[in-house]
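The values are calculated or read from the model by the stated rules, or taken from the named source; none is laboratory data. The structure presented is a predicted model; accordingly, all values stated were derived computationally and were not measured. Ideal geometry is used to build each Cβ from the backbone, glycine not excepted, and the neighbour counts take in all protein chains shown. In case anyone asks, the SASA skips ligands and DNA or RNA and just uses the protein heavy atoms, side chains included. Shrake-Rupley method; radii C 1.70, N 1.55, O 1.52, S 1.80 Å.
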Amino acid sequence: MRKRWSRARTWLWGMAIVLVIAVIYFGEVFLGRVYYGGDIARQYIPQRVLLANSLRQGELPWWSPDIGIGYPMLAEGEIGALYPPNWIICLFFSPEMGVSLSILLHYLLGGLGLYLYTRSLGLSKGASCLGGIVWTAGGFNVAHLNHVGIISVTAWLPWTFLLSRSLLKDARNARREWLTMGALGLVVGLKFLAGHPQMAMLGSMALFFYVLFLLYTVRPSLGHILRWGAGISLGLLVSLPQLLPTMELATLSQRAGGLEAIFFTSYSFHPMLLTTYVSPFVMGNPYPEGSVEVMCYVGLLPLVLAQAALFRSSKDERWFFFALGTVGTLLSFGHCNPFYSYLRHIPVLNLFRVPGRYLYWASLSWAVFSALGVDVIRSAISQHTTSRGWFIIIIIGLCSAVALGSVYLSPDADGLVAVWHWIPLLLSVQVLLVILFRKHIGRGLWIIVACAVLCVDLYAYGAVLDVTFNASVPRDQVDAPQSLDFFAQDETLNRIRVKEEIVPVLSVMEESFYPNFSLTHGLSSTNIYLPLVPRSYEKYEEALTPGRLNAMNVKYYLIPQLLPVDEETELYDVRNPFAALPTGRWVTFPPVEITELYVESYLSHSADLEDGSLVGELLLRRVSGEEVVVPLRAGMETAEWAYERSDVRDEVAHSMPQVASTWPARSGFPAVDHVGHTYGTRADVDPGEVEAVKLRLLRPAAFVRVERIRLKGASGQEHLLSHLVGLGDHSIAYRTEDVVVYRNHDVLPRAYTLPASSLPAPEGELSLPSSLRQEDVETVEILAYEDTRVVLRASVEEASYLLLADQDYPGWRATVDGAPTPILTIDGVFRGLLLSPGEHDVIFTYRPTFMLF
């Protein structure tokens, strides 16, 4: 009976960790809220949507054509496509709810793992419970709540320590050893499958160092060592279906060969930030300029407990964790550590940035030291609580109430940070009372009080993160953006591209399908927001031109809106770098004969202009040097774009000229739905050749936008000025306060053919002509377009190249009329084939190079 009660108490203390975690995260997951912000919304929810769709089709997301121009999604790793817990969560919960549940699940796993590991060291149940709380709710893990892939990996580290120690030191019989070996293999495999290669590697390094420590201190038998090695090997074997594709992608990515020094040391933990162990917000509100990568706060009580553990504990593990925590902290200094640069020369390590992630080791060390410290202090505590002890407990309770009340009543992040200007003093008082008057509080009650003080401390810390980096929203607010209705009307196979020069607020990210929001809602985007990008694609993007945009099948170019609007932000909001005509300077081109031109333009913030107000001039320079001036006047050639909005119509002082195009729009304060216009005007000019154009504006360029200029000759031939000067033919198709959408009229189809003679091949490389237009190619019939299978039918009259605007990548194979055919790389990135004259059935299929099943 006594043994059963002891086991029950063990599990009760373990459940205490569950209770603490549930209290801290309960409202977020179970009371109608979900975590939704940062990388959760941009990366993990999109990946879970893709994973859920694949699983429901009985497949794995080996490849996705909807990101970049095709991407080996499973190989990237963080999607966790081979991680069993993700299968259950994805199949039974919505993506946003599933991510929040995954966070809670792995916090529970990590806390229980740390609890059981410290129990295996012979520590008391209360001490192990407190250590589990430190590991889960403080330091590295709570800071990285948004990085679901990271915490999915870190949760398994204590379990690997527990099982390794059990195999090498505590094994009692053969059956138990074999079971432990199998469990170790399973845990190691899950760690690598969970979704973050860097953290899996750092955890493996820590485990390797720990095993070396055990070999030195325990000196296990050869049989035990071999069983441990077999367990690790089993885990690696389980994870091979993930590791091999990831290794292949890494060798083909922009990180192959190592990172540049600046990027390698980005997010270094500056030594001055050690002060944040005492007061985490001593430097002010970290959001949005700061980063969770350099947050390390574990609470004030663990700092005291760690000192007691280091100098007074009898456990040998204290020296290991002291060394691990010290090394982790020193490595986290990154560019502030002169020795860190040498890691760039070590294979595998040179693939990863963010030195701050070595705080992972430090956080584990703080958690174990806290547990060790509790038992050191607890050994000197009496069995009963004195009257003075009860008085101390009341004071601690009042301090906790003041702290919790101040946190609860703070209206926003700045208010919470202001609380942290004085709350460390209040917390310090509680810690001192817990330590100095420990002999007056009964042993069992003391550990409960200590855990309560720690929880108040970490709750106050987490409250700041909850309204900044770790924000949550009501579940019903996670909905499809309104702009999705516009794209849903287009049933053609095409892609979008988003301007990424800014990082807008979340609502703008959603409406503008900022990477990777498009993946969440089933749109294909050429933007990639993932750690690994194929080197060939990154190189292609670095020199992006209107022609390359066309070749990537980009039909829509999206610009997230800054707002509030002034001259500078308005210009950013509407300037399309692939189509915007330059202003204030002559633009030259090969001479063309014209007799007429047609100008499409619009105004903004110009409703007060009266009819005839001159806003700009279009200057044409003939070959002879003569200049022709075409005016742009409000109410005559151009007008306010939001003319139809009710408040503008009531105040506009100029007339509405001829409308060239109309598009759906939403604007104003508050925003209302209406239509937007571009206005067109024709002007006759004396016949002659023109060689240059200059757009001279009399109002800021932000408020006068010339979208298109067509030059027409006497023979009826038209020339689009943007084409003459190497720009694209784009026009506004949709505009709201969150996004401007341009339609690309030059977009090339997803699959097409062009004569073999039209593709130059310098040094054997096939390159698309920079001026390739729709009229130069023949569209190919797409019979089936799936993630890992594309079926095409092409008919050509002469030897031609077939081009599919998708990424060429190892694993793709092709057949033409059933016969295997080598795939050609066109323009360095696209998949292509050489076809003979006639009609052909072409099939592209993807099977990963290292696919083991």
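Structure values in brief
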| quantity | calculated |
| --- | --- |
| Every pair of residues 6+ apart whose Cβ atoms lie under 9 Å, when the first sits in segment 824-853 and is at positive phi while the second is of a type in the set (Gly, Ala, Ser) and buried (at least 21 other Cβ atoms within 10 Å of the Cβ) | Asp827/Ala551 |
| Hits in segment 62-80 - residues which are open to solvent by less than 10 Å² (accessible area, probe 1.4 Å), within 12 Å of Gln242 (Cα to Cα) and not hydrophobic (A, V, I, L, M, F, W, C) | Pro72, Glu76, Gly77, Gly80 |
| Of all residues making up segment 413-430, the number that are outside any helix (DSSP H, G or I) and under 30 Å from the mean Cα position of the chain (by Cα) | 1 |
| Residues (open to solvent by 40 Å² or more (accessible area, probe 1.4 Å) and under 18 Å from Thr154 (Cβ atoms)) located in segment 204-232 | Met205, Phe208, Phe209 |
| Contacts under 7 angstrom Cβ, first residue in segment 486-499 being more than 22 Å from Ala751 (Cβ to Cβ), partner polar (S, T, N, Q) and not in a helix (DSSP H, G or I), 6 or more apart | Val498/Ser512; Val498/Ser525; Val498/Asn527 |
| Residue under evaluation Ser341, criteria (1) within 15 Å of Gly373 (Cα to Cα); (2) open to solvent by 40 Å² or more (accessible area, probe 1.4 Å); (3) in contact (Cβ under 8 Å) with a residue 24 or more places away in the chain; (4) of a type in the set (S, T, N, Q), criterion not met | (1) |
| Output for segment 803-814, where each listed residue is outside any loop (DSSP other than H, G, I, E, B) and open to solvent by 40 Å² or more (accessible area, probe 1.4 Å) | Arg813 |
| Top-ranked residue in segment 126-160 [being of a type in the set (Phe, Trp, Tyr) and over 23 Å from Tyr277 (Cβ atoms); ranked as surrounded by the fewest Cβ atoms within 10 Å (Cβ to Cβ)] | Trp159 |
| Output for segment 586-632, where each listed residue is over 25 Å from Leu724 (Cβ atoms), in contact with a strand residue (DSSP E or B) (Cβ under 6 Å, 6 or more places away or on another chain) and without any contact (Cβ under 8 Å) to a residue 60 or more places away in the chain | Ala607, Leu609, Gly612, Ser613 |
| Matching entry among Arg735, Arg710, Arg705, Arg750 (being among the basic types (Lys, Arg), touching a residue at least 24 places away in the same chain (Cβ under 8 Å) and either in contact with a Cys (Cβ under 6 Å, 6 or more places away or on another chain) or surrounded by fewer than 22 Cβ atoms within 10 Å (Cβ to Cβ) (or both)) | Arg710 |
| Segment 816-839: number of residues that are of a type in the set (D, E, K, R) and assigned to a strand (DSSP E or B) | 2 |
| Helices (runs of 4 or more DSSP H) contained entirely in segment 124-179, each with at least 2 residues that are touching a residue at least 40 places away in the same chain (Cβ under 8 Å) and closer than 23 Å to Ala309 by Cβ | 125-137, 139-143, 157-165 |
| Count - residues of segment 549-564 that are on the phi < 0 side of the Ramachandran plot and surrounded by fewer than 19 Cβ atoms within 10 Å (Cβ to Cβ) | 2 |
| Strands (runs of 3 or more DSSP E) lying entirely in segment 733-802 (those with 3 or more residues that are under 22 Å from Arg497 (Cα atoms) and within 35 Å of the chain's Cα centre (by Cα)) | 739-744 |
| Candidate set: segment 669-693, residues that are assigned to a loop (DSSP other than H, G, I, E, B) and either among the hydrophobic types (A, V, I, L, M, F, W, C) or touching a residue at least 40 places away in the same chain (Cβ under 8 Å) (or both); chosen: the one least open to solvent (accessible area, probe 1.4 Å) | Ala671 |
| Complete set of residues in segment 60-89 that are in contact with a helix residue (DSSP H, G or I) (Cβ under 8 Å, 6 or more places away or on another chain), aromatic (Phe, Trp, Tyr) and farther than 21 Å from Val188 by Cβ | Trp62, Trp63 |
| Those residues of segment 180-222 which are of a type in the set (Phe, Trp, Tyr) and either touching a Lys or Arg at 6+ places or on another chain (Cβ under 7 Å) or at pLDDT 95 or above (or both), in sequence order | Phe192, Phe208, Phe209, Tyr210, Phe213 |
| Residue that is nearest to Gly126 (Cα to Cα), among those in segment 366-405 that are part of a helix (DSSP H, G or I), open to solvent by less than 60 Å² (accessible area, probe 1.4 Å) and β-branched (Val, Ile, Thr) | Val374 |
| Only listed residue being touching a Gly at 6+ places or on another chain (Cβ under 7 Å) and of a type in the set (Ser, Thr, Tyr), chosen from Ser667, Ser655 | Ser655 |
| From Arg2, Arg48, residue being basic (Lys, Arg) and either at pLDDT 65 or above or crowded, with 17+ Cβ neighbours inside 10 Å (or both) | Arg48 |
| Meets criteria (in contact with a Pro (Cβ under 9 Å, 6 or more places away or on another chain) and among the charged types (D, E, K, R)) for Glu617 | yes |
| Which listed residue is surrounded by fewer than 23 Cβ atoms within 10 Å (Cβ to Cβ) and modelled with pLDDT of 95 or more, from His730, His745 | His745 |
| Which listed residue, of Phe263, Phe322, is open to solvent by 40 Å² or more (accessible area, probe 1.4 Å), within 30 Å of Ile448 (Cα to Cα) and either modelled with pLDDT under 95 or not in a loop (DSSP other than H, G, I, E, B) (or both) | Phe322 |
